[in-house]
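Novice: Dropping the structure in here first, questions after.
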Amino acid sequence: MPVLHKSTFRRSPFLLNGHFESIYPALFRKVRDVNYRRERLTLSDGDFVDLDWLDNNSRHLAILTHGLEGDSSRQYVAGMARFFSEKKWDALAWNCRSCSGEMNRKLRMYHHGEIGDIGEVINHALKVRDYKNIVLIGFSMGGNISMKYLGVHGKSIPPAIKACVSFSSPTDLEAGAEILDRPSNFIYKKRFLHYLKEKLEKKNDQFPGELNISNFNHIKIWRDFDEFYSAPMNGFENAEAFYRNASAKNFMPGITIPTLLVQAKNDPILPDACYPIEICKTMSNIFLEMPVHGGHVGFWRPGEFYSWSEKRAWEFVTEQVGGSN
């Protein structure tokens, strides 16, 4: 029963709570020495996603998936890509639709439960090179996407995929939406809605009459956003159907490879429902690690070159698949 209540992560004494641990790295950790090679992948529906590679001509590949309104340049993604590249692995940090600096072509963009795109990214990577080992590493939304993909496809995933690591993943989307409405989480909700509104306005210019932009003024709780936009733009009847389909927790029993899920106990935007303790107790291959501290996609001490999450992911991956080239 791999539920790990103890962890090696120790917070900085200067970051006093989960909010500080979440926000400080996002603002002040700089990962500058990552020089990606960008490739545009045309998807089966005619849309595209942009892929950012660190290539070592390796047969080992880490595929990294960012969080909500993130991209491959975020410090948590770039740091992980750099770490694995220094270990002589290839790293592929892909950007979800609309997240690479250029608006995508279709009306829909991306969401927590979209697994078709990551599937196409994986298949493309296997066409580029005959990878022996692939690991999926996801952050927040990206962790949810990675685990849902594995759970849905079960034993039919490509054999090269050997392990998965997810950090701070909202495995229950309905509960995750509700916690964003807490007054203490106002800053996160405001930031997400600000950037999503900008994208919806661009979508409205692309597809006049397809979206009711005025509904944005009626958003009171996060569920309103999903009811007005997330659900209809992605083919769901309503927010409830969207949450049910998008939540990795509903698909985790189908995961067949070693998976590490790291959820800090002081994560300010993960409710109790996003810590799937009972599911993990029944699974021999899903390891739920719950550090006391770490915040949301934090796990970094000021002044350190690497984050704990990078070292922890590498440790788990080498335990499961080895690390040699």
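Novice: Being under 19 Å from the mean Cα position of the chain (by Cα) and not in a loop (DSSP other than H, G, I, E, B) is the filter; apply it to the stretch 263-304 and report the residue that is surrounded by the fewest Cβ atoms within 10 Å (Cβ to Cβ).
Specialist: Here the answer is ASP272.
Novice: Continuing with this model, one more query. Identify, from the list LEU150, LEU200, LEU136, the residue that is of a type outside the set (Gly, Ala, Ser), outside the structural domain of LYS87 (by TED's automatic domain parsing) and in contact with a helix residue (DSSP H, G or I) (Cβ under 8 Å, 6 or more places away or on another chain).
Specialist: LEU200
Novice: I'd like to verify a number: residues in the stretch 1-22 that are farther than 30 Å from LYS281 by Cα and in contact (Cβ under 8 Å) with a residue 12 or more places away in the chain, how many?
Specialist: Of the residues in the stretch 1-22, 4 are farther than 30 Å from LYS281 by Cα and in contact (Cβ under 8 Å) with a residue 12 or more places away in the chain.
Novice: If you scan the stretch 211-249, which residues turn out to be in contact with a Gly (Cβ under 8 Å, 6 or more places away or on another chain) and assigned to a helix (DSSP H, G or I)?
Specialist: Selection gives PHE242, ASN245, ALA246, ALA248.
Novice: Right, next: Every residue in the stretch 206-234 that is in contact (Cβ under 8 Å) with a residue 60 or more places away in the chain and not aliphatic (A, V, I, L, M), please.
Specialist: GLN206, PHE207, GLU210, SER230, ASN234 - these are the residues of the stretch 206-234 that are in contact (Cβ under 8 Å) with a residue 60 or more places away in the chain and not aliphatic (A, V, I, L, M).
Novice: Also: Among the numbered criteria (1) touching a Lys or Arg at 6+ places or on another chain (Cβ under 9 Å); (2) at pLDDT 95 or above; (3) closer than 17 Å to ALA62 by Cα, which single criterion is violated by GLY298?
Specialist: (3)
Novice: Does GLU114 qualify as being under 15 Å from the mean Cα position of the chain (by Cα) and either modelled with pLDDT of 95 or more or not in a loop (DSSP other than H, G, I, E, B) (or both)?
Specialist: Considered against the rule, which asks whether it is under 15 Å from the mean Cα position of the chain (by Cα) and either modelled with pLDDT of 95 or more or not in a loop (DSSP other than H, G, I, E, B) (or both), GLU114 comes out as yes.
Novice: Would you point out the residue of the stretch 30-67, among those that are in contact with a Cys (Cβ under 9 Å, 6 or more places away or on another chain) and either farther than 15 Å from GLU310 by Cα or of a type in the set (Phe, Trp, Tyr) (or both), that is surrounded by the fewest Cβ atoms within 10 Å (Cβ to Cβ)? Break it down stepwise before answering.
Specialist: Taking the stretch 30-67 first, the residues in contact with a Cys (Cβ under 9 Å, 6 or more places away or on another chain) are 49-50, 65-66.
Retained after the next criterion (residues that are either farther than 15 Å from GLU310 by Cα or of a type in the set (Phe, Trp, Tyr) (or both)): 49-50.
On the way: VAL49: 23, ASP50: 21.
Here the residue is ASP50.
Novice: Next question, about the same structure. Are any residues in the stretch 251-262 surrounded by fewer than 20 Cβ atoms within 10 Å (Cβ to Cβ) and either in a helix (DSSP H, G or I) or on the phi > 0 side of the Ramachandran plot (or both), and if so, which ones?
Specialist: PRO253, GLY254
Novice: Within the stretch 81-111, take every residue that is closer than 17 Å to LEU43 by Cβ and hydroxyl-bearing (Ser, Thr, Tyr) and give me the one that is nearest to the chain's Cα centre (by Cα).
Specialist: Across the stretch 81-111, the extreme among qualifying residues is TYR110.
Novice: Go through the stretch 160-170 and give me each residue that's among the aliphatic types (A, V, I, L, M) and part of a strand (DSSP E or B).
Specialist: Step one: of the stretch 160-170, the residues among the aliphatic types (A, V, I, L, M) are 160-161, 163, 165.
Scanning the stretch 160-170 gives ILE161, ALA163, VAL165.
Novice: Can I ask one more? Is there a residue in the stretch 7-16 that is outside the structural domain of LEU193 (by TED's automatic domain parsing), touching a strand residue (DSSP E or B) at 6+ places or on another chain (Cβ under 8 Å) and hydroxyl-bearing (Ser, Thr, Tyr)?
Specialist: Within the stretch 7-16 (the criterion being outside the structural domain of LEU193 (by TED's automatic domain parsing), touching a strand residue (DSSP E or B) at 6+ places or on another chain (Cβ under 8 Å) and hydroxyl-bearing (Ser, Thr, Tyr)), the answer is yes, since at least one residue qualifies.
Novice: In the stretch 117-159, how many residues are in contact (Cβ under 8 Å) with a residue 60 or more places away in the chain and either in a loop (DSSP other than H, G, I, E, B) or of a type outside the set (S, T, N, Q) (or both)?
Specialist: Quick first cut of the stretch 117-159, residues in contact (Cβ under 8 Å) with a residue 60 or more places away in the chain only: 117, 120-121, 124-125, 129-148, 150-155, 157.
Checking the rest, the ones that are also either in a loop (DSSP other than H, G, I, E, B) or of a type outside the set (S, T, N, Q) (or both) come to 117, 120-121, 124-125, 129-132, 134-143, 145, 147-148, 150-155, 157.
The qualifying residues number 29.
Novice: Scanning for something at pLDDT 95 or above, buried (at least 22 other Cβ atoms within 10 Å of the Cβ) and not in a helix (DSSP H, G or I), does the stretch 172-191 turn up at least one residue?
Specialist: Yes, that holds for at least one residue.
The values are calculated or read from the model by the stated rules, or taken from the named source; none is laboratory data. Keep in mind that this is a model prediction, so the values were computed, not measured. For neighbour counting, all protein chains shown are included, and Cβ atoms are generated from backbone atoms with ideal geometry for every residue, glycine included.
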